[in-house]
Amino acid sequence: MKRLVEVDTLRGIAIVLMVIYHIFFDLSYFRLVDINLYELGWQLFQRNIGTLFILIVGISLTLSENRNKEGYKRHAKRGLKLAGIALLITVATWIYPHEGFIMFGIIHLIALSTFIAPFFFKFGKWNLVLGLLIILLGFYVGTLVTNSHYLFWLGIVYPGYMQLDHYSLIPWFGVVLVGMYIGNKLFPGGKSKLKLPTNENLAFLGRNALLIYVIHQPILIGVIMASIHLRSFFHVLL
C-alpha cells in the first residue's frame, strides 16, 4: 500500500530538527562555539526531538500491522536490521570519540521496541494507559542507582555512567505505546482519518530517515574537521 505522506512529513520534521541539534552539538564538542548543551532549553529541545521520533515509531508500527498483515515476521526482520545498525553505532562511537560511546541510544531502543511492541497490539486503546504508566514509572526508575553494569538499557544506571545518547526502555517504551495508540486513532486501518499538512521535501527526508540518521554525523564531523585543518593550514601560510 502507498505510504502516508502525513507520517513521512512528520518524520522529516524530526530529521531536520535532529540535524540542527547535532550541528550545534558538534560545534560545541570541537569547541568552535561556546554553548552549554546541558542547559534546560537545549535539554528540552533534544528530548522533544527524541520524543517525536519515538512517537512516530509507535505510529509506524501500528500502520505496518494494520496495512500489511504479515504478522510478527515482518517486525522481527525490521528489528534485526535496526539491531545491526545499533551495533555499528556502538562500535563506531567506541572507536571515536570513545568517551561516552553509545551503548543504548535511540536506535537501540527502536530496535528492541520493534521486537516487543507487536505483543501489545491486542491491547488497543489500553496502550495509552500502559504507555503513560511506563512513562511515570520512569521517574522512579531514574532515581535508582546500581553497581551492576548490565541494567542501563532498562534505565537503572551505575555510578559514573555517561553516554552521548541514551534512551532506556523505561520510560521510552511508554512513548512507543502512546504512539501506537495515536496511530490507531488517527490512521485506523492504515488510512488517514484527518487531513494533516504535508510537504513533499520533508516527506522525502522522512522516507529516508534511517539513512540520514546513519550518515549525517560522519558527514558533519568530516566537514568540521576538514574546516579546522584548512583553517590551520592557511593560518600557517599567512
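Bear in mind these aren't lab numbers, they're just calculated from the coordinates by the rules spelled out. Not measured: the values here are computed from a predicted model. Neighbour counts run over all protein chains shown; Cβ positions are idealised from the backbone, glycine included.
List of remarks:
- Of all the criteria given as (1) in contact with a Lys or Arg (Cβ under 9 Å, 6 or more places away or on another chain); (2) within 16 Å of Ala14 (Cβ to Cβ), the one not satisfied by Gly189 is (2).
- Top-ranked residue of region 96-155 - restricted to ones that are out of contact with any helix residue (DSSP H, G or I) (no Cβ under 7 Å at 6 or more places or on another chain) and charged (D, E, K, R), ranked as surrounded by the most Cβ atoms within 10 Å (Cβ to Cβ): Glu99
Conditions (1) assigned to a helix (DSSP H, G or I); (2) surrounded by 16 or more Cβ atoms within 10 Å (Cβ to Cβ); (3) in contact with a His (Cβ under 9 Å, 6 or more places away or on another chain), marked per residue:
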position	(1), (2), (3)
Leu10	yes, yes, no
Ile15	yes, yes, yes
Leu37	no, no, no
Gln46	yes, yes, no
Thr51	yes, yes, no
Ile56	yes, yes, no
Ser60	yes, yes, no
Leu63	yes, yes, no
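- Matching option when the condition is closer than 23 Å to Ile13 by Cα and in contact with a Gly (Cβ under 8 Å, 6 or more places away or on another chain), among Ile85, Ile59, Ile107: Ile59
- Number of residues in region 101-130 that are small (Gly, Ala, Ser) and touching a His at 6+ places or on another chain (Cβ under 9 Å): the value is 2.
- If the condition is being among the polar types (S, T, N, Q) and in contact with a Gly (Cβ under 8 Å, 6 or more places away or on another chain), then region 1-56 contributes only Thr9.
- Top-ranked residue of region 17-35 - restricted to ones that are aliphatic (A, V, I, L, M) and in contact (Cβ under 8 Å) with a residue 24 or more places away in the chain, ranked as surrounded by the most Cβ atoms within 10 Å (Cβ to Cβ): Met18
- Check on His216, under 18 Å from the mean Cα position of the chain (by Cα) and assigned to a helix (DSSP H, G or I): yes
- Scanning region 87-111 for residues that are of a type outside the set (A, V, I, L, M, F, W, C) and either within 20 Å of His149 (Cα to Cα) or in contact with a Leu (Cβ under 9 Å, 6 or more places away or on another chain) (or both) gives Thr90, Thr93, Pro97, His98, Glu99, Gly100, Gly105, His108.
- For region 163-189, the tally of residues that are small (Gly, Ala, Ser) and surrounded by fewer than 19 Cβ atoms within 10 Å (Cβ to Cβ) stands at 1.
- In the condition set (1) without any contact (Cβ under 8 Å) to a residue 60 or more places away in the chain; (2) among the hydrophobic types (A, V, I, L, M, F, W, C); (3) closer than 21 Å to Gly174 by Cβ, Leu61 is compliant with all but (1).
- Scope region 201-232; condition surrounded by 11 or more Cβ atoms within 10 Å (Cβ to Cβ), under 27 Å from Thr62 (Cα atoms) and touching a residue at least 12 places away in the same chain (Cβ under 8 Å); matching residues: Leu202, Ala203, Phe204, Leu205, Gly206, Arg207, Ala209, Leu210, Ile212, Tyr213, Val214
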